[in-house]
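Notes follow the structure.
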């Protein structure tokens with residue numbers, strides 16, 4: 001099997017069997033690309049996830065595109081992106097043709113309730129894996145705790161604050177700490 005077809009089929013499988021969007025796909029992307037195929041490292045997966053969340057477009061598609069590009073350039077990016085998008089496109093297209101009838105089926109409505117729970121578990125799994133791999137230093141832990149508390153406060157208080165604001169705030173705090181430490185480190189080196 002060529003690398004291009006392997007990229008396409010791997011991401012097609014992820015796109016076909018994952019409900020709930022990009023966050024639910026992160027753990028499957030990590031399992032396939034890091035643990036099974038060894039296309040990227042755990043650290044690269046964390047970096048990709050942060051970058052993919054910060055850039056326009058769905059996170060899973062951004063991750064797939066990056067991994068594909070890393071492996072086989074533009075052709076790899078195209079194969080991985082098509083692989084992850086095609087199943088969802090076909091399913092949504094088919095459902096949209098029969099949407100009213102589809103949602104009226106009782107067993108499908110009940111199945112989607114269970115799928116919502118499974119999606120939450122997949123997202124939690126991805127979060128726990130990222131937390132385990134996070135640097136064990138006070139600043140990253142403090143930023144993570146602050147972001148988690150901020151998201152809970154936003155949710156419970158029904159505030160209209162984008163998660164992007166929290167990400168930018170975390171990045172700004174980290175940058176400020178770096179800039180404040182830099183003169184101190186330079187002064188320590190001069191001694």
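Values quoted throughout were computed directly from the atomic coordinates according to the rules given, and no laboratory measurement underlies them. Since this is a predicted model, take the numbers as computed values, not measurements. All Cβ positions, glycine included, derive from the backbone under ideal geometry; neighbour counts span all protein chains shown.
In degrees between 0 and 90, to the nearest 10, how far off the longest principal axis of the chain does helix 106-133 point, with axes built from Cα atoms?
Approximately 20 degrees, to the nearest ten.
Hey, can you rank 131-139, 87-95 by average C-beta count inside 10 Å, highest first? Before the final figure, lay out the partial values.
Numbers: 131-139: 10.3, 87-95: 12.7.
Sorting 131-139, 87-95 by mean packing, highest first, produces 87-95, 131-139.
May I ask you to sort 31, 160 by Cβ crowding, counting other Cβ atoms within 10 Å and putting the fewest first?
Ranking 31, 160 by Cβ neighbours within 10 Å, fewest first, gives 160, 31.
Using the Kirkwood formula over every pair of different C-alpha atoms, what hydrodynamic radius in Å results for the range 135-191?
Numbers: mean 1/r = 0.0768 Å⁻¹.
Answer for the range 135-191: a Kirkwood hydrodynamic radius of 13.0 Å.
Just subtract the alpha-carbon distance of residue 121 and residue 53 from 0.36 nm times their residue separation and send over the number in nm, one decimal.
Between residue 121 and residue 53, full extension yields an extra 22.6 nm.
Taking springs between alpha-carbon atoms closer than 10 angstrom, which of 167, 151, 46 fluctuates most in the Gaussian network model of the chain?
Checking each option, the largest mean-square fluctuation is seen for 151.
Between the helical axis of 138-156 and the dominant principal axis of the chain, each derived from Cα atoms, what acute angle in degrees is found, rounded to the nearest 10?
Roughly 50 degrees, rounded to the nearest 10.
If you average 1/r over all unlike Cα pairs in the chain and invert the result, what Kirkwood radius do you get in angstrom?
Working: mean 1/r = 0.0527 Å⁻¹.
Hydrodynamic radius (Kirkwood, Cα only) of the chain equals 19.0 Å.
Extension gain residue 41-residue 108, at 0.36 nm per residue separation less the Cα-Cα distance, in nm?
On the way: separation 67, 0.36 × 67 = 24.12 nm, distance 3.84 nm.
Roughly 20.3 nm would be gained on extension.
With angles folded into 0 to 90 degrees, how steeply does helix 59-97 sit against the dominant principal axis of the chain? Use alpha carbons for both and round to 10.
40
Once fully extended, how much extra length lies between residue 154 and residue 178, figured as 0.36 nm per residue of separation less the alpha-carbon to alpha-carbon distance? Provide the component values of the computation, followed by the final result.
On the way: separation 24, 0.36 × 24 = 8.64 nm, distance 2.76 nm.
Contour length minus Cα-Cα distance gives 5.9 nm.
If contacts are Cα pairs under 8 angstrom and at least 6 residues apart, what is the relative contact order of the chain in percent? Provide the component values of the computation, followed by the final result.
Values: 158 pairs, mean separation 44.6, N = 191.
Relative CO of the chain lands at 23 percent.
Return the whole-Å distance between the Cα centroid of the range 66-113 and the Cα centroid of the range 128-148.
32
From the helices alone, meaning DSSP H stretches of at least four residues, give me the mean residue ellipticity at 222 nm for the chain, per-run term -39500 (n - 2.57), in deg cm²/dmol to the nearest 500. The partial results should precede the final answer.
On the way: 8 runs with 156 residues, N = 191.
Taken over the chain, the calculation gives -28000 deg cm²/dmol.
Can you sort 130, 144 by how many other beta carbons sit within 10 Å, fewest first?
Taking fewest neighbouring Cβ atoms as first place, the list is 144, 130.
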